[in-house]
Structures are given as structure tokens and as C-alpha cells.
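Data block below; observations after.
The values are calculated or read from the model by the stated rules, or taken from the named source; none is laboratory data. Everything numeric in this text was worked out from a predicted model, so none of it was measured. Cβ sites come from the backbone with ideal geometry, for glycine too, and all protein chains shown count toward neighbours. These accessible areas exclude ligands, DNA and RNA; they are computed on the full protein's heavy atoms, side chains included. Shrake-Rupley method; radii C 1.70, N 1.55, O 1.52, S 1.80 Å.
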Amino acid sequence: GGDAAAFLAGKLQRTTDERLIAVVLDALGALESDLAVQAARMHLSSDLSENLVIAAITYLATVQKDRMVGLVDSLLLEVPTPRIRAACAEAYGKTDQRSVIPRLAVLFSDEDPLVRASAFSELARVDSANIDFYIQKALVDPDYVPVVLALNQIAERKLTDYLPQMETLMVRGSDVDVRRSVVGVAGEFLDEMGRDTALMELLIAGLFDPEYIVRSEAAQVYKEKLKENRQGMVSPAQTRISQGRIQKAIEKYTHNPYAIVLTSRGELEIELYFDIAPLTVLNFIELAENGFYDGLTFHRVEPSFVVQGGDPRGDGWGGPAHFIRCEYSDEPYIRGTVGIATSGRGTGGSQFFITLAAQPRLEGRYTVFGQITGGLEIIDQIIIGDVIEKIIIEEDE
């Protein structure tokens, strides 16, 4: 460990590559090495990118714990970006000190949902004794992400007293992700409560939910937990793309279309696999031609794995107002393959990822709908926050 840490610390002093700096700080944090404390503090004190500030905060919190609380305090006085404020919340949490609870409480009232969500997660861990107060506040948050995180805590802690609030959340007006989570929590409670009337009412509401994904997941709970097949009660998903439109597309795309993705790093050319995933490709083309992707960012970058973008929220939780079905195939995930990100079967939308290296474990689990055919070197340069300026569809080779 010591030799590896020394090697990495030396590497840190010799590079200005933002992605490499972030990776090295993450690795040194995993090794619990304090050899990069001075370098990390330099990144905090200089006017560098938010990615480097976040990497530095995370590293310092990991290796210095409570000794860096004052540093985070001073950073927050500058009112940094939401992503940095969210990272500050995580840094406070890493100290495991009760002294940070008031600070996290302030961030739990932040104007940005990403920050509130991060603060809630840390408060739930650091101040477990007051979990009910935090859950109650999160359940009425105007954004659905803190609500979902609160429901996760309810499930994890088996807090069955929240059934009345869960019933309220199942009404049609709440977000689809919230209703999916309520169904999931009900499934977890079945182990402890059996066929409780309130639980069964939640599952029945799930079976008749207006959104197919909620109906499907309710049926899955019946199958897995109650050994009952209720799939016949689940009405099929509404088809967004008519048969006529599909037929026209089949006649039109005798050759696969291409997408030119204009990014802040350069141009990517993607062959869209209409012959393998036609509905996914049509959805992508529709979003691109409607300008949906214009100005969105790459919000996830994992070296040697994927870069991911296409989320209107920019935090990995967003998408269009509809889901698309998975179109599984045996197409391999090689370097530069383009796939659809999901949070479960049939939950794709606008988010797509590009593999930075071969990923056999993704095959047959995520829809493949394209392959980089030009600008492959660009994907290695993408960092979190880089912009998708525009996507142009070219229908002829």
C-alpha cells in the first residue's frame, strides 16, 4: 500500500490532466493515504473546475475526517455550485462527528434538490436517533429525489408507521418514481407484516397505476413475495409509436441512420442500430430532432467503464416524460458502444452511455442502440459537466 501511495502521489505532482487528478485522489483516498493532502488543499484554494474541487473535498474528508470541517465551512461561505455543496454535505458526513449535524441541517434546507438529497442521506447516517424528523421533512420535499431516499430509509429500517404517508403518496399526482418506490417498500414490509390490509391496498393500487412500470413492478412483488401471478391484471403499456410510423421507419431506414453528437470536446459520430433496436433508435431520433439534448451535460464519467449523459436534471435522476421498453440483443459491448441507461427493466428514456472499454457484463442487460464510428478518441477526454451542444441526425451514410 505504501509503495502504491507514493507512486500515485508522485503522479499527482506531474500531471495537469483533470480526469487523472480525480482518479488519483480517489485511489489515494481508498488507500487512506495522506500523501496528497497538500495537493488537494491547493485544488480547493485555486479557481479550478468543480470536478477537481469535489475530488479534493472527498479525498480530504476521507483521510482527514474532522480536521477538514473548517475547510468545508469556509468553502461553503463562497456559495459554490450545487454539486460542490452536495459534496460538502458528503464530506461533513464522512467525519462521523455530531458537531456537523447543524451544518447538515442547513444544507438539508438548500434551494437545490441535489444538495437536500445529499444532506438527508448523511443526516440519516450521522444522526440516526432523529431519523423520523428527517424522513418527515424529506417526504414533503417538492422534489421527488429526497422523497424516494426517505422511502428507501423507511424500507431499510422497516418503519411501518409510515404506511399512512405511503398511501397518500400513491395518489395519481405524485411522481412515478415515488409510486414505484412505495410499491417496493410495500414489498419489503410483506416479510414482516404479511397480508396486512393497508399493504395489500398499496399493491392493488400499484396493479392499477396509470404508469405501466408501476403496474409491472407491483405484479413482480406479487410473484416474488406472495407467489401469485397477477401479470394478467397488468394492462399493457401504451404504445407511443404507432404501427404506421414504425412501418414508415422500416421503409425509410434501409440503411442505419447516423447521429452527429456535437460536444464541448469535439464531434462524435454514432451509427444508430435501427436494425437491432428500432424503437430505441426512433425515440433517440425524436428527442434529438426536438432539441431535447441541446445543452445537456455528461453527468457521469467512470474511467475504463462509461461516460453517460442525456439527463435534463444533470444528476442521473432525470429523463423525458415517458419510459421506453428494453430491446435486448446479443450485440456485444465493445469500446465505443452506445447503450440506454435504466433503473430497472423498461425504464429507459433519454439517458445514454458510451463504453470506454469492452464491458461483457452489460451484454443482454442494457439495450445496445449504436456504436461510435468517428471521434472515438473524444470519449477519453470527456469529463463531468462537458456539454452536449446538439445532436444532428443524418439519414444517409
Check: Largest first, how would V221, V387 line up by accessible area (1.4 Å probe)?
Finding: V387, V221
Margin query: What would the Debye equation give as log₁₀ I(q)/I(0) for region 168-300 at q = 0.09, 0.16, 0.17, 0.22 Å⁻¹, counting only Cα atoms as equal point scatterers?
Written below: -0.45, -0.89, -0.92, -1.16
Notebook entry, point to check: Could you give the length gained on full extension between A4 and D96, defined as 0.36 nm per residue of separation minus the Cα-Cα distance, in nm?
Noted result: 30.4 nm
Next item on the list: Before rounding to the nearest 500, sum -39500 (n - 2.57) across all DSSP H runs of length at least 4 in the chain and divide by the residue total; then give [θ] at 222 nm in deg cm²/dmol.
Entry: -14500 deg cm²/dmol
Check: Out of region 49-149, which GluC sites (Glu not before Pro) are coil in DSSP terms and have no more than 15 other C-beta atoms within 10 Å?
Finding: E78, E111
Check: What full-extension length gain, to one decimal in nm, is calculated for R14 and N130 as 0.36 nm per residue of separation minus the Cα-Cα distance?
Finding: 37.1 nm
Notebook entry, point to check: What part of the accessible area of region 334-397, given as a whole %, is carbon or sulfur when the probe is 1.4 angstrom?
Noted result: 49
Item checked: Counting all C-alpha pairs of region 41-176, share separated by more than 28 Å (%) -> 22
Next item on the list: Skip the ligands, DNA and RNA, and give the accessible area per residue of region 1-155 with a 1.4 Å probe, whole Å².
Entry: 47
Margin query: Please compute the alpha carbon radius of gyration of region 182-260, then divide it by the globular-protein estimate 2.2 N^0.38 Å. Two decimals is fine.
Written below: 1.62
Margin query: Rounded to the nearest angstrom and ordered from largest down, what semi-axes does the equivalent ellipsoid of region 267-330 get from its C-alpha gyration tensor (root of 5λ)?
Written below: 20, 16, 13
Next item on the list: Whenever you get a sec, compute what percent of the accessible area on region 149-194 sits on carbon and sulfur atoms (1.4 Å probe).
Entry: 45
Check: Counting only heavy atoms of protein chains, what accessible area per residue, in Å², does region 171-308 have with a probe of 1.4 Å?
Finding: 49
Note to self: Run the numbers for A237 and D143: contour at 0.36 nm per residue of separation, minus the present Cα-Cα distance, in nm.
What the structure shows: 31.3 nm
Check: In region 127-178, which trypsin sites (Lys or Arg not before Pro) are in a loop and have at most 15 other Cβ atoms within 10 Å, using DSSP for the loop call?
Finding: R157, K158, R172
Checklist line | region 227-382: C-alpha gyration tensor shape, a/c 1.5 cut-off, then a/b vs b/c | finding: prolate
Check: Taking square-rooted eigenvalues a ≥ b ≥ c of the alpha carbon gyration tensor, is region 121-163 rounded, prolate or oblate, where a/c under 1.5 means rounded and, failing that, a/b exceeding b/c means prolate?
Finding: oblate
Notebook entry, point to check: Cα convex hull of region 322-393: how many Å³ per residue?
Noted result: 118
Notebook entry, point to check: For L20, what charge total do you get from the other residues with a beta carbon under 15 Å from its beta carbon, if Lys and Arg give +1 and Asp and Glu give -1?
Noted result: -2
Next item on the list: Sort E167, E271, E289 by accessible area with a 1.4 Å probe, largest first.
Entry: E289, E167, E271
Note to self: Taking 2.2 N^0.38 Å as the expected size of a compact globular protein, what ratio does the Cα radius of gyration of the chain give against it, to two decimals?
What the structure shows: 1.08
Notebook entry, point to check: Restricting attention to region 1-69, which trypsin sites (Lys or Arg not before Pro) occupy a DSSP loop and are surrounded by at most 11 other Cβ atoms within 10 Å?
Noted result: R14
Check: Under the Karplus relation 6.51 cos²θ - 1.76 cosθ + 1.60, θ = phi - 60°, what is the ordered set of whole-Hz ³J(HN,Hα) values for region 88-100, x standing for Gly and Pro?
Finding: 5, 4, 5, 5, 4, x, 5, 6, 6, 9, 5, 5, 8
